[in-house]
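Chemist: For reference, the structure I am asking about is given below.
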Amino acid sequence: MDDKNNSLRGYLDNLVNNQNLNFLDVVVNRGGERIFDYGGGFDKSDKKRYFFFSCTKPIVSACVLKLVEEGKLCVETPVSKYLPAFSDAFVIQNGVKRKAGEIKIKHLLTMTSGLSYDYDTEPFREVLAATGGKASTAEICNAFVKTPLLFNSGERFYYGLSFDVLGAVIEKITETPLDEYVKKTIFEPLEMFDSGFTRGDGEAENLKDLYAKTADGKTVKVKNANGLVFTPNYLSGGAGVVSTTEDYMKFADCLTNGGVAANGCRLLKESSVKDMAKNHVGEISVNNGFTCVQGDDYAYGYGVRTRIKPAKFGLPVGEFGWDGAAGAYFFCDLKNRVTVFVGMCLMNWPATFKGEHLKIVEKIYDNLGISKN
């Protein structure tokens, strides 16, 4: 096992050196116990938080499922019940403006709402101007449906701002700012004391630096900011979490353990975790170019990709997880009770790191002796 462990470390060292990575943090738990821990390109004792971007989505999904468990929310409920502006959502068909079909909570959870990540619109600019750049989450989310949806809800999968809208819905239901609700519901019970929501400025918040690769392969620092946090009052349910590898691993491992955290706290019912990981889009293709969807091997659940074809090296059907704009990546393998988290701070990683996450996972399964299907 030591030789295989060293082989895995050697592979990761080569990856760090060949890719000129400033930060690659890889941890693996099995049965709740740490079986591998690697830090490359940085001092492992550096416990600074960093931007997790879209790894925020599974956390917000867990909050939604918690509200469902408590009887405070139903996935079939129209979004317009909480955000009335959504009753005016529309599409353009054959050049004609038509009222869109009803957007439900489940459409937000599955990225089938018709929303995209195109926020550079006139209504968006208008709400920023009207509020002096201080618009709230709900105010900005209401602006999203003042431009046409890409399609009627439920027709297609398209990766977009759906989880930001879910954050606004959570605020309406709980009458609590999203950051406070997530802190009370997830971060404090799971003892994730280094986790929170960003106001967008990584420099002011003393976060790890962000990097990008240049055309000649060099790694350079880029603006340390989250451009998806649109105002100081905007709490992004799709990209706003800042955390540490160890903190996020507590959440991910909780899911792998059927909703029970290492400290014994039950965050979700096991049935809710299985519902999160269920294929909720059927035959709808999710292969829209987002790298870690990884083609036809995956469908989409509630805020997570979910594997529908087993991998030859051991990932079973039902493995699920997600990733973020700077390369953070995690998955939960309930069958083998394995949780993997990969921490990165590389903004243009799909251009240079495409496919490497899954190669890392394959090396982990091969070198650490995790059972094959």
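Chemist: With the chain treated as a Gaussian network of Cα nodes joined by springs under 10 Å, which of 237, 259, 41 yields the largest mean-square fluctuation?
Modeler: Its mean-square fluctuation being the largest, the pick is 41.
Chemist: Can you give the Rg and Dmax of the stretch 252-373 based on its C-alpha atoms, in angstrom?
Modeler: In Å, with Rg to one decimal and Dmax whole: 14.1, 40.
Chemist: What is the spin-label model distance, in nm, from residue 35 to residue 87 if the labels are put 7 Å beyond Cα along the C-beta direction?
Modeler: In this crude label model, residue 35 to residue 87 measures out at 5.4 nm.
Chemist: I've got another one for you. For a quick check, take a GNM of the chain with Cα springs below 10 Å and name the residue from 222, 145, 241 with the largest mean-square fluctuation.
Modeler: Highest fluctuation of the listed residues: 222.
Chemist: Using the Cα gyration tensor of the stretch 223-308, with a ≥ b ≥ c the square roots of its eigenvalues, what is the shape: rounded (a/c below 1.5), prolate (a/b larger than b/c) or oblate (neither)?
Modeler: Oblate, since a/c reaches 1.5 and b/c is not below a/b.
Chemist: Which loop chymotrypsin sites (Phe, Trp or Tyr not before Pro) in the stretch 65-127, with loop taken from DSSP, have no more than 14 other Cβ atoms within 10 angstrom of their Cβ?
Modeler: When the chymotrypsin sites (Phe, Trp or Tyr not before Pro) of the stretch 65-127 are filtered for loop state and at most 14 Cβ neighbours within 10 Å, 117 remain.
Chemist: Nearest 0.05, what FRET efficiency do residue 48 and residue 14 give at R0 = 22 Å with Cβ-Cβ as r?
Modeler: 0.30
Chemist: In square nanometres and to one decimal, what's the mean projected area of the convex hull around the Cα atoms of the chain?
Modeler: 18.2 nm²
Chemist: Please tell me which of these pairs span more than 20 angstrom C-alpha to C-alpha: 106/172; 72/99; 183/335; 66/250; 57/274?
Modeler: Flagged as over cut-off: 72/99; 183/335.
Chemist: Here is a further query. Starting from 0.36 nm per residue, how many nanometres of slack lie between residue 130 and residue 283 once their C-alpha separation is accounted for?
Modeler: 50.8 nm
Chemist: Measure nothing fancy, just the Cα-based angle from helix 162-174's long axis to the longest principal axis of the chain, in degrees from 0 to 90, nearest 10.
Modeler: Result, in degrees: 70.
Chemist: Okay, next question. In degrees, nearest 10, range 0 to 90: what is the angle between the Cα axis of helix 2-19 and the longest Cα principal axis of the chain?
Modeler: For helix 2-19, the angle is close to 50 degrees.
Chemist: Here's a follow-up. Once you have a ≥ b ≥ c as the square roots of the Cα gyration tensor eigenvalues for the stretch 175-282, tell me rounded if a/c is under 1.5, and otherwise prolate or oblate according to whether a/b is larger than b/c.
Modeler: Note, shape of the stretch 175-282 comes out prolate.
Chemist: Here's another thing I want to ask about it. Given the C-alpha centroids of the stretch 321-373 and the stretch 145-184, what is the distance between them in whole angstrom?
Modeler: That distance is 27 Å.
Chemist: If R₀ is 22 angstrom, what is the calculated FRET efficiency for the pair residue 155 and residue 118, using the beta carbon separation as r and rounding to 0.05?
Modeler: 0.80
Chemist: Got a number for carbon plus sulfur as a percent of the chain's accessible area, 1.4 Å probe?
Modeler: 47 percent
Chemist: So, one more: Quick one: length gained pulling residue 201 to residue 271 fully straight, 0.36 nm per residue minus the C-alpha distance?
Modeler: 21.4 nm
Chemist: So what is the relative contact order for the stretch 258-359, in percent, with contacts set as C-alpha pairs under 8 Å and at least six apart?
Modeler: Averaging sequence separation for qualifying contacts and normalising by length gives 17 percent for the stretch 258-359.
Chemist: Stretch residue 94-residue 76 to full length: gain in nm at 0.36 nm per residue minus the Cα-Cα span?
Modeler: My answer for the length gained is 3.6 nm.
Chemist: In the chain, with Lys and Arg counted as +1 and Asp and Glu as -1 at Cβ, which of these residues, 65, 193, 317, has the Cα nearest the positive end of the dipole, that is, farthest along it?
Modeler: 317
Chemist: So what is the accessible area of the chain per residue, in Å², with the probe set to 1.4 Å?
Modeler: Counting only protein heavy atoms, the per-residue value for the chain is 41 Å².
Chemist: Now a separate question. For the stretch 1-77, just run the numbers: alpha carbon Rg, then divide by 2.2 N^0.38 Å, N being how many residues it has.
Modeler: After normalising by residue count via 2.2 N^0.38 Å, the value is 1.61.
Chemist: Residue 35 accessible area, nearest 10 Å², 1.4 Å probe?
Modeler: Probe radius 1.4 Å; accessible area of residue 35 about 60 Å².
Chemist: For the stretch 39-90, go through all pairs of different Cα atoms, get the mean of 1/r, take its inverse, and jot down that Kirkwood value in Å.
Modeler: 14.6 Å
Chemist: When the chain is treated as a GNM, springs tying every alpha-carbon pair under 10 Å, which of 303, 32, 318 comes out with the largest mean-square fluctuation?
Modeler: Per the Cα network of the chain with a 10 Å cutoff, 32 tops the list.
Chemist: Also, quick follow-up: Assign unit charges at the C-beta atoms only (+1 for Lys and Arg, -1 for Asp and Glu), then state the dipole size of the chain relative to its Cα centre in Debye, rounded to the nearest 20.
Modeler: 580 debye
The values are calculated or read from the model by the stated rules, or taken from the named source; none is laboratory data. This structure is a prediction, so every number in the text was calculated from the model and none was measured. Here Cβ is always computed from backbone atoms with ideal geometry, including for glycine, and neighbour counts include all displayed protein chains. The protein model used for the area step is the full one, side chains on, heavy atoms only, and it has no ligands, DNA or RNA in it. Shrake-Rupley method; radii C 1.70, N 1.55, O 1.52, S 1.80 Å.
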